[in-house]
1. Count, please, the residues in segment 107-125 that happen to be farther than 18 Å from residue 69 by Cβ and in contact (Cβ under 8 Å) with a residue 12 or more places away in the chain.
2. Inside segment 6-42, can you point out the residues that are closer than 28 Å to residue 86 by Cβ, more than 15 Å from the chain's Cα centre (by Cα) and free of Cβ contacts under 8 Å to residues at least 40 places away in the same chain?
3. Against the condition surrounded by fewer than 14 Cβ atoms within 10 Å (Cβ to Cβ) and in a helix (DSSP H, G or I), how does residue 67 come out, does it pass?
4. Is one or more of the residues making up segment 97-107 in contact with a strand residue (DSSP E or B) (Cβ under 8 Å, 6 or more places away or on another chain), modelled with pLDDT under 95 and more than 14 Å from residue 39 (Cβ to Cβ)?
5. Could you check residue 91 against (1) touching a residue at least 60 places away in the same chain (Cβ under 8 Å); (2) touching a helix residue (DSSP H, G or I) at 6+ places or on another chain (Cβ under 6 Å); (3) under 26 Å from residue 31 (Cα atoms) and say which number it fails?
6. Can you name the residue in segment 126-136 that is touching a strand residue (DSSP E or B) at 6+ places or on another chain (Cβ under 7 Å) and in contact (Cβ under 8 Å) with a residue 40 or more places away in the chain and, of all such residues, is farthest from residue 85 (Cα to Cα)?
7. Of all residues in segment 43-59, which are surrounded by fewer than 17 Cβ atoms within 10 Å (Cβ to Cβ) and either touching a helix residue (DSSP H, G or I) at 6+ places or on another chain (Cβ under 9 Å) or touching a residue at least 24 places away in the same chain (Cβ under 8 Å) (or both)?
8. For segment 137-170, give me each residue that is in contact with a strand residue (DSSP E or B) (Cβ under 8 Å, 6 or more places away or on another chain), assigned to a helix (DSSP H, G or I) and crowded, with 18+ Cβ neighbours inside 10 Å.
């Protein structure tokens, strides 16, 4: 299975350890994994101009780092979103990458989504999980799983092993 992991963290922090653990587990199970550090890319928000659904034929009018990740949106069998929670939602960089998926409506081949969330506090995930579940329902793509971690749990070996085992079981 070809898996695309989109890491929304703009700096090396807890989601990096979570993504690494996911990759280790998925690769051990024989999956092909590509990680895209969208948090460090320059991706503007969707303009809602409609170019992509007209003259653009599925391509956005804006030319930025979205072009680096769009092939993964189109070709991956599974999409994993990994992000720290900043003020009750995924990072702005991740939000921009997700919103710009509008040009193709939904991933074209993906059959599964997964979500890895990191935070400093518990009970801050509801908004992001609701958005994620709405995307899955719209896309008709299955929820492979949601893993959250907060505080010291973020880099605990127990949590990282949970993520590895989750990825191995895909």
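The values are calculated or read from the model by the stated rules, or taken from the named source; none is laboratory data. Here the structure is a predicted model, which is why all the values come from computation and not from measurement. All Cβ positions, even for glycine, are placed from backbone atoms using ideal geometry, and neighbour counts span all protein chains on display.
1. Total satisfying the criteria: 9.
2. 11, 12, 42 - these are the residues of segment 6-42 that are closer than 28 Å to residue 86 by Cβ, more than 15 Å from the chain's Cα centre (by Cα) and free of Cβ contacts under 8 Å to residues at least 40 places away in the same chain.
3. Yes; evaluated as a whole, the condition is true for this residue.
4. Yes: one or more hits.
5. Single failed check for residue 91: (3).
6. Filtering segment 126-136 for residues that are touching a strand residue (DSSP E or B) at 6+ places or on another chain (Cβ under 7 Å) and in contact (Cβ under 8 Å) with a residue 40 or more places away in the chain, the one farthest from residue 85 (Cα to Cα) comes out as 132.
7. Across segment 43-59, the qualifying residues are 44, 45, 48, 51, 53, 56, 58, 59.
8. 154, 159, 163, 166
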